[in-house]
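Working notes, structure below.
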Amino acid sequence: MTDNPSETAALRTLIVDDEPLAVERVQVICAEIPTVRVVGTASDGAAALRLAEKLEPDLVLLDMTMPELDGLGVARHFAAQPQAPVVIFVTAHDHFAVEAFDLEAVDYVLKPVSADRLARAIDRAVARRGTRRQKASRYLDELWVPHRSELLRIAVSEVHQIDAERDYVRLHVGGPEGGRSYLLLQTIAGLEERLDPEQFIRIHRSTILRRDHIRGLRHDGLGVWSAELVNGEALRIGRTYLARVKGMAGR
């Protein structure tokens, strides 16, 4: 007797959540997705690691907040393994998205989980399967931002300006026409460390620009300089950052 081809191709999946009703809901959704086969469930982080060692799942649907060892701790353990499972965080909290990216999570699904949203995340996990794990770059190439009842995935290449707003940053995405902006719970200094300096430069304590969004530099007199942007706007360069910005222009 041969295995069912769809079952053979399905991702062996471990569900980890300390709320029994949440586990049940995810199981029900997964039962309708042919690319997933649930092989086990765990109610805490320590149990998840023990089961993962025995079951060798391809995919872990992982709650973020659990007693003792939380989802980030579990994901860090997986990230250190050469043959790590793909991780999708399933959580009620939207403010761990940057940490999730650092751990190479394939997606970040907010509760209450909808079938369509989880299915889209699992499609990404299927696409990730079979690709060779490479050492993670120290720089981000995408960000998750809260929008309505879900998190949107935004390529860093789409971001042309970042402004500090207290404990948040505002990401400006798209061109001057039809551009959008999103708030992300992250300090500008923390985000700057995760952006490729070949692509982004900080010009002020509250502003980071994508380098190819800068058309030129303008001296306004009395030692004051501004960055002229491709959309015609001019932004003042902070004195602390002036030497670095002028260095970009070979000055």
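Quick check on the range 56-71. Is at least one of its residues part of a helix (DSSP H, G or I) and charged (D, E, K, R)?
no
Could you figure out which of (1) touching a residue at least 60 places away in the same chain (Cβ under 8 Å); (2) part of a strand (DSSP E or B) isn't true of Arg37?
(1)
Yes or no: the range 80-90 includes at least one residue that is without any contact (Cβ under 8 Å) to a residue 60 or more places away in the chain, surrounded by fewer than 16 Cβ atoms within 10 Å (Cβ to Cβ) and touching a Leu at 6+ places or on another chain (Cβ under 7 Å).
Within the range 80-90 (the criterion being without any contact (Cβ under 8 Å) to a residue 60 or more places away in the chain, surrounded by fewer than 16 Cβ atoms within 10 Å (Cβ to Cβ) and touching a Leu at 6+ places or on another chain (Cβ under 7 Å)), the answer is no, since none of the residues qualifies.
Out of the range 66-118, which residues are closer than 15 Å to Arg25 by Cβ, out of contact with any Asp or Glu (no Cβ under 8 Å at 6 or more places or on another chain) and of a type in the set (S, T, N, Q)?
Ser114
Of a type in the set (A, V, I, L, M), modelled with pLDDT under 85 and within 27 Å of Ala31 (Cα to Cα): does that describe Leu151?
So Leu151 passes the test.
Under 7 Å between Cβ atoms, which residue pairs at least 6 apart in sequence (or on different chains) link something in the range 10-29 that is without any contact (Cβ under 8 Å) to a residue 60 or more places away in the chain and assigned by TED's automatic domain parsing to the domain that holds Met64 with a partner that is among the small types (Gly, Ala, Ser) and assigned to a strand (DSSP E or B)?
Qualifying pairs under 7 Å: Val16/Ala42.
Quick grid of which residues meet (1) in contact (Cβ under 8 Å) with a residue 24 or more places away in the chain; (2) touching a Lys or Arg at 6+ places or on another chain (Cβ under 8 Å); (3) farther than 24 Å from Arg12 by Cβ:
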{"site": "Ala119", "(1), (2), (3)": "yes, no, no"}
{"site": "Ala127", "(1), (2), (3)": "no, no, no"}
{"site": "His160", "(1), (2), (3)": "yes, yes, yes"}
{"site": "Tyr168", "(1), (2), (3)": "no, no, yes"}
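More than 25 Å from Arg148 (Cβ to Cβ) and among the acidic types (Asp, Glu): which single residue out of Glu32, Glu68 fits that description?
Values: Glu32 fails: more than 25 Å from Arg148 (Cβ to Cβ).
After ruling out the rest, the residue left standing is Glu68.
Out of curiosity, is Val98 touching a helix residue (DSSP H, G or I) at 6+ places or on another chain (Cβ under 6 Å), within 30 Å of Ala189 (Cβ to Cβ) and not in a loop (DSSP other than H, G, I, E, B)?
no
The values are calculated or read from the model by the stated rules, or taken from the named source; none is laboratory data. Everything quoted here is computed from the prediction, not taken from an experiment. FYI the Cβ positions are ideal-geometry reconstructions off the backbone, even for glycines, and counts take in every protein chain you see.
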